[in-house]
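Below: one structure, written as structure tokens.
The values are calculated or read from the model by the stated rules, or taken from the named source; none is laboratory data. Only a predicted model underlies this, so the values are computations on that prediction, with no experimental measurement involved. Methodologically, a virtual Cβ is constructed for each residue, glycine included, from the backbone with ideal geometry; neighbour enumeration extends over all protein chains shown. Areas reflect the complete protein model, heavy atoms only, side chains present, ligands, DNA and RNA absent. Shrake-Rupley method; radii C 1.70, N 1.55, O 1.52, S 1.80 Å.
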Amino acid sequence: MTLRKFAGLGALLSIVMPGIAMAADEVAAPVLNSGDTAWMLTSTALVLFMTIPGLALFYGGMVRSKNILSVLMQCFAITGLISILWVIYGYSIAFDTTGMEQGVVNFNSFFGGMGKAFLAGVTPSSITGPAALFPEAVFITFQMTFAIITPALIVGAFAERMKFSAMLIFMGIWFTLVYAPIAHMVWSGNGGLMWDWGVLDFAGGTVVHINAGIAGLVACLVLGKRKGFPATPMAPHNLGYTLMGAAMLWVGWFGFNAGSAAAANGTAGMAMLVTQIATAAAALGWMFAEWVTHGKPSALGIASGVVAGLVAITPAAGTVGPMGALVIGLAAGVVCFFCATTLKRKLGYDDSLDAFGVHGIGGILGAILTGVFAAPALGGFGTVTDIGAQVWIQIKGVGFTVIYTAIVTFIILKVLDAVMGLRVTEEEESVGLDLAQHNERGYNL
């Protein structure tokens, strides 16, 4: 009787267990989260809004009236170019993890594979994210907007003097050899060079801002100063555009930082809060530093302070607390003010719209201070227990990015200059790039 009971139980289990296993598989299968998806769709639109029209207006207002269309055109053209390159191979270089292994340094630690070229295998049902909760198509587009704004930031360094054709080719090559590999090293996961180092870069202090700022500095040095700089006044022609652009960047940056949580969760909420705190503090820091130094606060100054704060909090947004954000913002406002004014005048380089002074310096400052204020001991929400060790890791990440970006950018520019020339002629520069490069005027009176 007992044996028959066991035999019956075995038969029952043989029938039930496959069903239980199938049910477990169904439970384990990734399920799209509509809340996370909605937030990531919104964040993606906000980040694209940062470039067009945000950055385009911010930069466009700061150049002379004869060059406004050239700046707007460059931002729009970069948006189109990088979108297509991202689809063809950029996403794959940045995020394909083929051949990567934690703690092992190989070619794929620097450069992703091509398994995702032309977005191979991506379908409406492809799901990704920290817990596989939203469509991979949304993640691809979200990261595309980061890839778009980074080269667009470089435009501010060489504004008013680079040929449009040379600019397009430079941006395509730079995106391929600099942006995508740096993004891979920092964000691709286990086996990525700087990921394995432990570099903290929540939303792009290294990948976006240091990268663009250093490239901008190299570009303005290779191209040389604008005709008449610094003796000839080159005042912004429409600071109203610049203030509107700065406001759009401020709003769009919530998608940039809070969206980098890749979920509608507490990390996104805190990232939004610290972004607001740091930006407000930097705006006031720049304003008061300028007020004390020059006797009056300026609209251009507070707009620049806003961007400096946004830049500096970017790497830290997912790990620092409110008071850490306050310190980072104040430091960014004051330090970037002096670098974009006093340091720039002393060294004599012509960074037209302060791409290096704001994005390069702000990114470096924010990246290093992330190592300090991510520590729970200082109100942070990271896992930093040894502040000194983390700061050293952050400095290594900054140093590697600076050196790699500077060398590769310099080589690209020198080769292009030898092959096709980088600068417009003196006559074209005098007439303005709007007419010389695009046969249009921004203002027809």
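Expressed in units of 2.2 N^0.38 Å, where N is the residue count, the Cα radius of gyration of the stretch 56-177 is 1.25. The modelled label-to-label distance between Ile387 and Glu427, using points 7 Å beyond Cα along the C-beta direction, is 6.2 nm. Largest first, the residues Met323, Met272, Met62, Met50 sort by 1.4 Å accessible area into Met323, Met272, Met62, Met50. Share of carbon and sulfur in the accessible area of the stretch 41-111 stands at 73%, probe radius 1.4 Å.
In this simple spin-label approximation, Ser298 and Asn265 carry label points 7 Å from Cα along the Cα→Cβ vector, and these lie 4.4 nm apart. Show log10 I(q)/I(0) for the stretch 199-350 at q = 0.15, 0.16, 0.17 Å⁻¹, two decimals, from a solvent-free Debye sum over equal Cα scatterers. For the requested q values the scattering log ratios are -0.82, -0.92, -1.02.
FRET efficiency for Thr98 and Phe164, Cβ-Cβ distance as r, R0 = 41 Å, nearest 0.05? According to the calculation, E is roughly 0.65. Between Phe410 and Ser34, the contour length at 0.36 nm per residue exceeds the Cα-Cα span by 130.9 nm. Straight-line cross-link reach from Lys116 at under 15 Å between alpha-carbon atoms covers these aspartates and glutamates, not counting any fewer than eight positions away in the same chain: Asp96, Glu136. In summary, the lysines within cross-link reach of Lys346, defined as a Cα separation below 25 angstrom excluding same-chain residues under 8 places away, comprise Lys225, Lys227, Lys296.
Within the chain, helices built from complete DSSP H runs that reach 24 Å or longer along their own axis (Cα positions) and carry a mean Kyte-Doolittle hydropathy of -0.5 or higher are 2-28, 68-85, 136-158, 239-258, 266-294, 322-338, 387-419.
I want to verify a result. In a Gaussian network model of the chain, Cα cutoff 10 Å, which of these has the top mean-square fluctuation: Ala367, Ala264, Ala325? Among Ala367, Ala264, Ala325, the largest mean-square fluctuation in the Gaussian network model of the chain belongs to Ala264. Applying both filters, DSSP loop and at most 13 other Cβ atoms within 10 Å, to the GluC sites (Glu not before Pro) of the stretch 100-165 gives Glu101. Report the residues of the stretch 416-432 in range of a label on Lys227: point 7 Å along Cα→C-beta, backbone N strictly under 15 Å from it. Label zone hits: 423-432. In terms of accessible area, using a 1.4 Å probe and ignoring ligands and nucleic acids, Asp196, Asp201, Asp354 rank largest first as Asp196, Asp354, Asp201. Quick check for you: which residues of the stretch 234-265 have the amide N under 16 Å from the point 7 Å beyond the Cα of Ala45 toward its beta carbon? Once the point is set 7 Å along Cα→Cβ of Ala45, 251-256, 259 turn out to lie under 16 Å by backbone N, inside the stretch 234-265. Straight-line cross-link reach from Lys396 at under 26 Å between alpha-carbon atoms covers these lysines, not counting any fewer than eight positions away in the same chain: Lys344. The Cα atoms of the stretch 171-211 give a gyration tensor whose axes a ≥ b ≥ c have a/c of 1.5 or more with a/b no greater than b/c, which makes the shape oblate. Rolling a 1.4 Å probe over the heavy atoms of the protein chains gives the chain an accessible area of 40 Å² per residue. Distances between placed amide hydrogens fall under 5 Å for Leu353 paired with Ala157, Ala159, all partners being 5 or more residues away or on another chain.
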